[in-house]
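Chemist: Encoded as structure tokens, here's the structure I'll be asking about.
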Amino acid sequence: MKRALLVLIALFVVLMIASPAVAAGEIKFPENFLWGAATSSYQVEGGIYGNDWAEFEKRPGVIANGDICGAACDHYNRYAEDIRLAKELNLKIFRMSIEWSRIEPADGRFDEKELAHYRAVLDEVRRSGMTPFVTIFHFCLPKWLADKGGFTNPQSHVYFERYAAHLEKNLGDQVDFWTTQNETMVYLTSGYLLGIWAPGHKNPVLFWRALGNLIRSHAKAYDAIKRNDLSDADGDGAAAAAGIVMNYGIFDPYDPDSKVNSIMADKVNYFGNHLLLDSLMGKKTRLKELEPETGERILSLPEYKNTLDFIGVNYYTRFFVRPSITKPIAGMEMFTKSRAAAHSGQPFETNEMGWLVYPEGIYRAVKAIGRYGVPIYITENGIPDKTSKKRARFIADHLGWLKKAIDEGVPVKGYIHWALTDNFEWAEGFWPRFGLYDVDYASQKRSLNEGGAFYAEVARNNGLTAPMIRSVYGPEAASDEKTRRDRLFDRNGQQAGY
Ligand code: GAL
């Protein structure tokens, strides 16, 4: 008996030494896990004046500090430098979007020169050994289409399909990962209900109409990509995958003991995180929204079914929800800022934009999205952080939670940080600094910041080594698993001084 035990122990020791398993105090991601950084055309390129955002910005007071996007980061001219900077971070994915108003500046007129520009960008990305992750629609419509009502136009899906087919036909040999739309629900809520983004509507009727058209547009674009996909760009034997990027918000009841608060939070969670995906995965949606003109049940048409090869999850923050009679349209309030502190008495941490920092949320997000049974990519996660003193900790905290979900079997295949460089942050203008590289907008000089340097090490090591963990969590954390776990998992981002 004793002998058997000794043999067992010896075997265990040999196995430990022989296996490439994670050394104590490391957080290693699966082999082939992909690390990336994100950009989006309007936010970085500069010189885009033919879309609805450029028009929207002309309204007084809509952008903080009176900023206009203008030259942005001049990425249109400096793309080769920016791609090199991404490469220097040891990244494998370069997330970008294509500007519809450049490709199709007038209804049905496609611009060859702009197409050639994006071909050159994609070439450069691939020459650098990175895979392009290309978003077809990242919040901006060509002006001609906005003038026709944008996504409230019942024909918008026809335009969207034509544009997507054009991209696939002309750039498909360079792209294996397409995402049709970025954060459809956030776009709709901000642009059609709250009126704080282009097109600036505050109209629930237009909101529902646009939702139906966006869902239909996604499904049509998915088919167009599949139909026109003639080549396997990276030669891995798999043709183009097409998905959508959603923003997963954590919606918790303001008062967890209140049944009404919990019901409200559940409704918002469904609306924000699941309605769209249920529709696209062919699940029964909880809503039976009718298309006004035809009476069709727009959210559950059979043609939408199974039009997601993967799901891109953007994760940033958490909200507390409770009903409100002073908000008659929504019937509820959401808190993100200091008022949340009143609820728990705890010093909730917020970032520079007032969003709660809640690393556990990324775990909750992918656990929930994992149930759809398709691969997941984190397509955005990041923090506005002027001095980049908090970014490394933010990244480490979120990766710790993400790894926990992967260990539990959630098929997360990659992590793409928002953003490669500082950029134009929509209604907030240029003040929030999300970049792994700082941008000096006067000189357009890029400089790697502290968080960026940390992230480059994450990508190089495919995770966090013991010294990296020590640098973030203190000397004891790397060798003492319990200390690290306590610091990582039990504080839920509430005390770390973000
Ligand atoms: C997302 C969006 C990005 C970026 C980021 C940071 O909603 O996709 O364009 O602005 O948020 O706020």
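The values are calculated or read from the model by the stated rules, or taken from the named source; none is laboratory data. Given the structure is predicted, the values throughout are model-derived calculations rather than measurements. Reconstructed Cβ throughout: ideal geometry from the backbone, glycine too, with neighbour counts over all protein chains shown.
Yes/no matrix, rows are residues, columns are (1) crowded, with 20+ Cβ neighbours inside 10 Å; (2) farther than 27 Å from Trp197 by Cα:
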| residue | (1), (2) |
| --- | --- |
| Ile383 | yes, no |
| Trp401 | yes, yes |
| His417 | yes, no |
| Thr421 | yes, no |
| Glu428 | no, no |
| Ala442 | no, no |
| Gly452 | yes, yes |
| Asn461 | no, yes |
| Arg470 | no, yes |
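Chemist: Continuing with the same structure: Out of all the residues in the range 87-104, is one or more part of a loop (DSSP other than H, G, I, E, B) and free of Cβ contacts under 8 Å to residues at least 60 places away in the same chain?
Modeler: Checked the range 87-104: at least one residue is part of a loop (DSSP other than H, G, I, E, B) and free of Cβ contacts under 8 Å to residues at least 60 places away in the same chain.
Chemist: Ok, one more. Could you please let me know if Tyr437 is surrounded by 21 or more Cβ atoms within 10 Å (Cβ to Cβ), within 16 Å of the ligand (Cβ to nearest atom) and within 13 Å of Ala86 (Cα to Cα)?
Modeler: yes
Chemist: Still on this structure, I have one more. Under 7 Å between Cβ atoms, at least 6 apart or on separate chains: pull out the pairs that start in the range 317-341 with a residue that is over 14 Å from Phe251 (Cα atoms) and end on any residue that is at pLDDT 75 or above and not in a strand (DSSP E or B).
Modeler: What qualifies is Ile329/Pro204; Gly331/Ser324; Ala341/Phe348.
Chemist: Looking at the range 200-210, is at least one residue in a loop (DSSP other than H, G, I, E, B) and crowded, with 19+ Cβ neighbours inside 10 Å?
Modeler: Yes.
Chemist: Considering the range 238-290 alone, what residues qualify as being assigned to a loop (DSSP other than H, G, I, E, B) and not small (Gly, Ala, Ser)?
Modeler: Tyr254, Asp255, Pro256, Asp257, Met281, Lys283, Lys284, Thr285, Arg286, Leu287, Lys288, Glu289
Chemist: Evaluate the range 113-132: report whether one residue or more is within 16 Å of the ligand (Cβ to nearest atom) and within 26 Å of the chain's Cα centre (by Cα).
Modeler: no
Chemist: Shifting gears a bit: Report whether or not Phe137 is farther than 14 Å from Ala106 by Cα and not charged (D, E, K, R).
Modeler: Yes.
Chemist: Condition (residue is modelled with pLDDT of 95 or more and small (Gly, Ala, Ser)) applied to the range 336-353: is it met by at least one residue?
Modeler: Among the residues of the range 336-353, not one is modelled with pLDDT of 95 or more and small (Gly, Ala, Ser), which makes the answer no.
Chemist: Also, I was wondering about something else. When you scan the range 416-448, how many residues do you find that are under 18 Å from Leu91 (Cβ atoms) and in contact with a Phe, Trp or Tyr (Cβ under 8 Å, 6 or more places away or on another chain)?
Modeler: The total comes to 13.
Chemist: Across the range 235-254, what is the total count of residues that are loosely packed, with under 15 Cβ neighbours inside 10 Å and acidic (Asp, Glu)?
Modeler: Qualifying residue count for the region: 1.
Chemist: Across the range 52-74, which residue is surrounded by the most Cβ atoms within 10 Å (Cβ to Cβ) among those that are among the β-branched types (Val, Ile, Thr) and closer than 12 Å to Phe424 by Cβ?
Modeler: Per the stated criteria, the residue is Ile63.
Chemist: Please list, ordered by first then second residue, the pairs with beta carbon atoms under 6 Å, 6 or more apart or interchain, first in the range 139-156 and at positive phi, second at pLDDT 95 or above and more than 16 Å from the ligand (Cβ to nearest atom).
Modeler: Cβ pairs passing all conditions: Gly150/Pro199.
Chemist: Let me ask something else about it. Within the range 463-476, identify whether any single residue is hydroxyl-bearing (Ser, Thr, Tyr) and either modelled with pLDDT under 95 or closer than 20 Å to Tyr363 by Cα (or both), and answer yes or no.
Modeler: The answer is yes, given that some residue of the range 463-476 is hydroxyl-bearing (Ser, Thr, Tyr) and either modelled with pLDDT under 95 or closer than 20 Å to Tyr363 by Cα (or both).
Chemist: Let me ask something else. If you take the residues of the range 114-141 that are among the small types (Gly, Ala, Ser) and part of a helix (DSSP H, G or I), which of them is farthest from Val175 (Cα to Cα)?
Modeler: Step by step, filter the range 114-141, then rank; the result is Ala116.
Chemist: Right, another one. With the requirement that a residue be more than 12 Å from the ligand (Cβ to nearest atom) and among the aromatic types (Phe, Trp, Tyr), what does the range 394-429 give you?
Modeler: Of everything in the range 394-429, those that are more than 12 Å from the ligand (Cβ to nearest atom) and among the aromatic types (Phe, Trp, Tyr) turn out to be Phe394, Trp401, Tyr415.
Chemist: Continuing with the same structure: Out of the range 370-393, which residues are within 16 Å of the ligand (Cβ to nearest atom) and either under 13 Å from the mean Cα position of the chain (by Cα) or not polar (S, T, N, Q) (or both)?
Modeler: Those that are within 16 Å of the ligand (Cβ to nearest atom) and either under 13 Å from the mean Cα position of the chain (by Cα) or not polar (S, T, N, Q) (or both): Tyr377, Ile378, Thr379, Glu380, Asn381, Gly382, Ile383, Pro384, Asp385, Lys386, Lys390, Arg391.
Chemist: Provide a single number: the residues in the range 361-419 that are farther than 20 Å from Ala38 by Cα and among the aliphatic types (A, V, I, L, M).
Modeler: Residues meeting the conditions: 6.
Chemist: Take Ser447 and tell me if it is surrounded by fewer than 17 Cβ atoms within 10 Å (Cβ to Cβ), modelled with pLDDT of 65 or more, within 26 Å of the chain's Cα centre (by Cα) and under 30 Å from Tyr79 (Cβ atoms).
Modeler: yes
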